[in-house]
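Okay, so here's the structure we're looking at.
The values are calculated or read from the model by the stated rules, or taken from the named source; none is laboratory data. Note that the coordinates shown come from a computational prediction; the quantities given were computed from them, not determined experimentally. Neighbour counts are summed over all protein chains in view; Cβ atoms, including those assigned to glycine, are modelled from backbone coordinates with ideal geometry. Surface accessibility is based on the protein's heavy atoms, side chains included, excluding ligands, DNA and RNA. Shrake-Rupley method; radii C 1.70, N 1.55, O 1.52, S 1.80 Å.
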Amino acid sequence: MRKQVEANRPWAKVMGYARAVRVGNVVEVAGTAAAGPDGTVLSPGDVEGQTRAALATIDEALGELGASFGDVVRTRIMLADVSRWEEAARAHGEVFGDVRPANTTVGGLEFLDPAILVEVEVSAVVEPG
């Protein structure tokens, strides 16, 4: 059975994607930026703040699908400027320091809005229970 959480951002309908999708016990969360429902980028210029905001959005999506940060097995951090990785890493570490999912961090990327400095995506596996 497939369940999904809508992204509720202006570009989501144009691109045809959901924020997160759960099939069985697997949850995939799309690349998530620090943007409000109207597309306004939050925490401009602040990689750590944008990472925190993206993780808050991810937390909500996971919760809607019966998952939590504790179920996350993989994270991906995508940065416009990889030299700022430590800023994103601090926010990521606060959430996942005890969970310790597999992680890939890449940089040198361009996002839909040049004010977006980071996007985060996660994969989770919900234990049957």
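Note on the chain: Rg/Rh from Cα positions, Kirkwood definition for Rh, rounded to two decimals, is 0.95. Here is how the number arises for the chain: DSSP H runs of 4 or more residues each give -39500 (n - 2.57), the sum is divided by the residue count, and the result at 222 nm is -8500 deg cm²/dmol.
For Arg52, neighbours were defined as the other residues whose beta-carbon sits under 12 Å from its Cβ, and their charges (Lys and Arg +1, Asp and Glu -1) total -4.
Between Glu127 and Ser83, the FRET efficiency from the beta-carbon distance, with R0 = 35 Å, is close to 0.40. Rolling a 1.4 angstrom probe over the chain with all protein chains present gives an accessible area of which 52% lies on carbon and sulfur atoms. Among the chymotrypsin sites (Phe, Trp or Tyr not before Pro) within segment 1-88, those in coil by DSSP and having at most 16 neighbouring Cβ atoms inside 10 Å are Tyr17. Could you work out which residue, out of Ala53, Ala115, Ala61, moves most in a Gaussian network model of the chain, that is, has the largest mean-square fluctuation with Cα springs under 10 Å? Of Ala53, Ala115, Ala61, the most mobile in the Gaussian network model is Ala115. In the elastic network of the chain, a GNM with C-alpha springs shorter than 10 Å, the most mobile of Val118, Val14, Val73 is Val14. Placing one equal scatterer on every Cα of segment 1-48 and applying the Debye formula, the log10 ratio I(q)/I(0) at q = 0.19, 0.30, 0.32 Å⁻¹ is -0.67, -1.09, -1.16.
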